[in-house]
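Since the structure comes first, as structure tokens, the remarks are kept for the end.
The values are calculated or read from the model by the stated rules, or taken from the named source; none is laboratory data. In this text, all values refer to a predicted model and were calculated from it rather than measured experimentally. Cβ placement follows ideal geometry from the backbone for every residue including glycine, while neighbour counts extend to all protein chains displayed.
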Amino acid sequence: MRRATLLSAFIPCVFIPCAVASICHGQVVDGSTQAKSVEQRATFAMTDVPSAKALEKQIQIVRAKVLDACVGLEIMDPAGAGSGSGTIISKDGWILTAGHVCKQPDLEAKIYFANGTTTTGRTAGLHWNGTEDCGVVKFDPTGLDVTAAEVGSMSTTAPGDWVVAFGHTFGIEKEPFRPPILRLGRFNGANGIAIYMDAPLSPGDSGGGVFDLQGRLIGINSTAGAEPEFNVATTIDFVKSHLSDMQQGAATGEDVKNEREGRPHEGSRQRIVDSGPPAENAPRKADPKILQAIASVVDDAIMMTVGVFVDDRLVCFGTVADSQGFIITKASEVGMTSADVSVALADGLTVSATRMAVDAPLDLMLLKVSEVLEDPIFDRDVSPAAGALLFTVGRDGSPLAFGARSLDTYQPGRSDISSPYLGVRVRPITPEERAAHGDRPGVIVMVVPPATSAARAGVRAGDFITRIGEATVENQPQLGEVVRRHAAGEIINVVRVTADGEEVLRARLTPRPVEQGPSPSSTRFPASRRSSGFGAVIQHDTTLRADQMGGPLVDLDGRVIGVNIARTDRTKSYALASATVQEAITRMVATAKEHPEPMKLINPLDNGIVTRQLGSLIRLEAKNAEIVGTSLRLAQVDDAPAAIVGWIDSNDSVRWLVEFTKPGDYSVRVMQACPSELAGQNFLVQMGEVLLTGNTKATTDTADFQGVDVGAVHVESAGRAIIEIKTGGKLRGPLMNLHALELRGTS
């Protein structure tokens, strides 16, 4: 999607502001004006399992028909290259895309076909005026086997129809190449210019095609909403009204003019309210009636589905692994610090559980309960093709949600933008460098951006790094693979070679910086703490929350084809295939039987980066904090102080490990910035059993950090303590930008 202009540094990059999504009286196309009959549309209504299978088959037919017409685009703009998506509409080399992808006429474009081959072309014309967002690219098709999509019309589409969107989410993956990604949704409504749909979109999808279930192009992806179920495409009828002019090189629209003159503009965001979002009662993909109609598909998986609680809080789902009381769940959500783990079984009984084993690469944990469970049934030989409908089992015995498989077997790459971030560029060592360092393998650090995890840990350009944790690293891809096996917030050891031997540096990983577009997490659907590094996965577009990972994933025949392992961002969820899961269960159960004692817990006071008291004032800065959750991120713009921003998930928190050297009383002040319209929200500061309450205070701008006094704490004796800031309840918007927490001795 397009480069976003932030409404405020308090709000994650989104293309439609949160306030718009709450409007419920927009214009919706009147179904009576559509030529398509109710009977014809009902062919693909999900009223029972057979009709759902007919829908699934048609989705796969559409994918086979249009995929080769879907392309990725890299536009070589002198002001900065960008990428998007498009659809070939004629065999003589015309591609439809979004106006904001083209930017201006006569720019070089590199075109990526669905099979990974490339050619070049040039932007022709465009029209960009808010949600009036279309453009064309031309390439020479000589010698190429070109597939062109059929261009449709809104006259054959009505609210409630299923639509399929394609695009290169978060950019074009090249090593290995990833074809355009399928997303399923429903046409919620339109106003003649904009289509509203709940097929999820993200940056990189801009310009990609929206197709009806006949495989006809009916829209061009334009704008992503604050939540994954609200997205906008420009109607094909509006595009056709400008097509001839655009093919002649015309560039029209207010946003085109602003872009050409270098003036700030917000694209569609400033006019989306005038376009009118869909009505509150518009047809949705997540219609409860649909889930009720196909409820029988999860019957065999109900007894395999459990809820996992830590300190009486639901953290994720789990899946019965063995009748002898073994359950698998998501390791990074359960953690290793609290002894209070319980499992709510499918029959309603809640029992205590103990941790028995962990498969770290897959982020799976084996729990043991005292109950005898029903034998699980994993269908390890079943691998649904892209376009298959997949269902997540709810804890109430019914389907929780469903989506379509977006790709065939896939090993995630650079599009995992919610993966953890170390912040270092390296190169392989030369034979001479290896010999000079005692024949050790490793890499040479080339670049360490300021304020990154690596920089804060003390990594410097020129360092010789031999290991990350226990893993030897010899190139950049290998280093990235090791880092992605961790969660943001985790501490890893970076081992560098010095003249005296080896030195271990402790680095706390942060969420990967998001430079444009919506945050990977949304308020209603936060991403998982660990969302990468699993190897091959089943990628599907089911809209789920992080605490809904860990349970079974079933197909329309009721077969358990996998276990959900991560909510990665607003467009996708990952599952591990049943074959992979069963192999992990075998390994972990063998470990549990060989070592029947529970796993040893980690004392959080012994596992962190310590801030040691040096005087009467202890200043805990954002850059040294542990971020718990996925919506928060550390940001620093120009010369402004570093701050933790994007606090949209009420489950997220920030904490520090402090070592007090002097007992006594300490006043507590939070240095924060907050817009006036969001001021007054509650937050909590906790240290041990002490819980202090504060309210955010309005400030003049996003970098105007002002103190909020929340009370005092008493430190009985010298030693370590964890101090945590968390939300005080449901958020009505981003909580605050957090710069620091100050403890000042008063006695």
(message) Test of understanding: among D408, D439, D416, which residue is closer than 30 Å to A52 by Cα, in a loop (DSSP other than H, G, I, E, B) and either of a type in the set (D, E, K, R) or assigned by TED's automatic domain parsing to the domain that holds P179 (or both)?
(response) D408
(request) Please go through the range 208-225 and pick out each residue that is in contact with a helix residue (DSSP H, G or I) (Cβ under 6 Å, 6 or more places away or on another chain), part of a loop (DSSP other than H, G, I, E, B) and surrounded by 24 or more Cβ atoms within 10 Å (Cβ to Cβ). (result) G225
(request) Note down all Cβ pairs under 6 Å where the first residue falls in the range 275-302 and is among the charged types (D, E, K, R), the second is modelled with pLDDT under 90, and they're at least six residues apart or on different chains. (result) E280/C24
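Quick grid of which residues meet (1) in a loop (DSSP other than H, G, I, E, B); (2) of a type outside the set (A, V, I, L, M):
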position: G489; (1), (2): yes, yes
position: A527; (1), (2): yes, no
position: G535; (1), (2): yes, yes
position: G550; (1), (2): yes, yes
position: A575; (1), (2): no, no
(message) Any residue that is under 26 Å from R545 (Cα atoms), assigned by TED's automatic domain parsing to the domain that holds T305 and assigned to a loop (DSSP other than H, G, I, E, B) - is there at least one of those in the range 614-626?
(response) no
(message) Within the range 150-200, considering only strands (runs of 3 or more DSSP E) that don't extend past its boundaries, which have at least 2 residues that are modelled with pLDDT of 90 or more, hydroxyl-bearing (S, T, Y) and not assigned by TED's automatic domain parsing to the domain that holds S241?
(response) none
(request) Return the only residue of L362, L390, L366 being outside the structural domain of E175 (by TED's automatic domain parsing), in contact (Cβ under 8 Å) with a residue 12 or more places away in the chain, in a loop (DSSP other than H, G, I, E, B) and crowded, with 19+ Cβ neighbours inside 10 Å. (result) L362
(message) Within the range 298-333, take every residue that is of a type in the set (S, T, N, Q) and not in a loop (DSSP other than H, G, I, E, B) and give me the one that is surrounded by the most Cβ atoms within 10 Å (Cβ to Cβ).
(response) T329
(request) Name every residue in the range 482-514 that is in contact (Cβ under 8 Å) with a residue 40 or more places away in the chain and surrounded by fewer than 18 Cβ atoms within 10 Å (Cβ to Cβ), in order of residue number. (result) I491, L505, R506, P513
(message) Out of everything in the range 438-451 that is over 18 Å from R467 (Cβ atoms) and not aliphatic (A, V, I, L, M), what residue ends up being modelled with the lowest pLDDT?
(response) P450
(request) Select, from A579, A584, A566, the only residue that is among the small types (G, A, S) and either assigned to a strand (DSSP E or B) or not assigned by TED's automatic domain parsing to the domain that holds L366 (or both). (result) A566
(request) Report yes if some residue within the range 327-334 is in contact with a Cys (Cβ under 6 Å, 6 or more places away or on another chain) and either of a type in the set (S, T, N, Q) or more than 28 Å from S296 (Cβ to Cβ) (or both); otherwise report no. (result) yes
(request) Pull up the range 47-74, narrow it to residues that are more than 27 Å from the chain's Cα centre (by Cα), charged (D, E, K, R) and in a helix (DSSP H, G or I), then point me to the one that is surrounded by the fewest Cβ atoms within 10 Å (Cβ to Cβ). (result) K57
(request) State the number of residues belonging to the range 75-106 that are part of a loop (DSSP other than H, G, I, E, B) and either among the β-branched types (V, I, T) or crowded, with 20+ Cβ neighbours inside 10 Å (or both). (result) 2
(request) Taking the options V351, V372, V382, V343, name whichever one is touching a residue at least 24 places away in the same chain (Cβ under 8 Å) and either part of a strand (DSSP E or B) or within 23 Å of the chain's Cα centre (by Cα) (or both). (result) V343
(request) Quick one: which residue in T746, T702, T727, T696 is hydroxyl-bearing (S, T, Y), at negative phi and touching a helix residue (DSSP H, G or I) at 6+ places or on another chain (Cβ under 8 Å)? (result) T696
(request) Return the pairs, sorted by first residue and then second, in which the second residue is assigned to a strand (DSSP E or B) and of a type in the set (K, R), the first residue lies in the range 610-631 and is farther than 15 Å from Y666 by Cβ, the beta carbons are less than 8 Å apart, and the residues are 6+ apart or on different chains. (result) V610/R720; A625/R655; E626/R508; E626/R655; I627/R633; V628/R655
(request) Would you check if there is a residue in the range 604-611 being within 30 Å of I722 (Cβ to Cβ) and assigned to a strand (DSSP E or B)? (result) yes
(request) Among the residues of the range 387-437, write down those that are under 30 Å from T510 (Cβ atoms), among the β-branched types (V, I, T) and modelled with pLDDT of 90 or more. (result) T392, V424, V426, I429
(message) Could you check the range 241-281 and list, in sequence order, the residues that are hydrophobic (A, V, I, L, M, F, W, C), modelled with pLDDT under 55 and either crowded, with 16+ Cβ neighbours inside 10 Å or over 30 Å from the mean Cα position of the chain (by Cα) (or both)?
(response) I272
(request) Name the one entry in D408, D416, D396 that is in contact (Cβ under 8 Å) with a residue 60 or more places away in the chain and acidic (D, E). (result) D416
(message) For the range 302-331, which positions are aliphatic (A, V, I, L, M), more than 24 Å from the chain's Cα centre (by Cα) and closer than 20 Å to P361 by Cβ?
(response) A321, I327
(request) Restricting attention to strands (runs of 3 or more DSSP E) lying wholly within the range 638-730, give those where 1 or more residues are of a type in the set (A, V, I, L, M) and surrounded by 19 or more Cβ atoms within 10 Å (Cβ to Cβ). (result) 643-645, 653-660, 664-673, 682-687, 706-715, 719-727
(message) From the list D245, D205, D255, exactly one residue is touching a residue at least 40 places away in the same chain (Cβ under 8 Å), part of a loop (DSSP other than H, G, I, E, B) and in contact with a His (Cβ under 8 Å, 6 or more places away or on another chain). Which is it?
(response) D205
(request) Please identify the pairs in which a residue from the range 535-549 that is under 15 Å from G629 (Cα atoms) and in the same structural domain as G335 (by TED's automatic domain parsing) has its Cβ atom under 8 Å from the Cβ atom of a residue that is surrounded by 24 or more Cβ atoms within 10 Å (Cβ to Cβ) and among the polar types (S, T, N, Q), counting only partners at least 6 apart or on another chain. (result) A546/S528; A546/T630; Q548/T392; Q548/N564; M549/S528; M549/N564; M549/S573
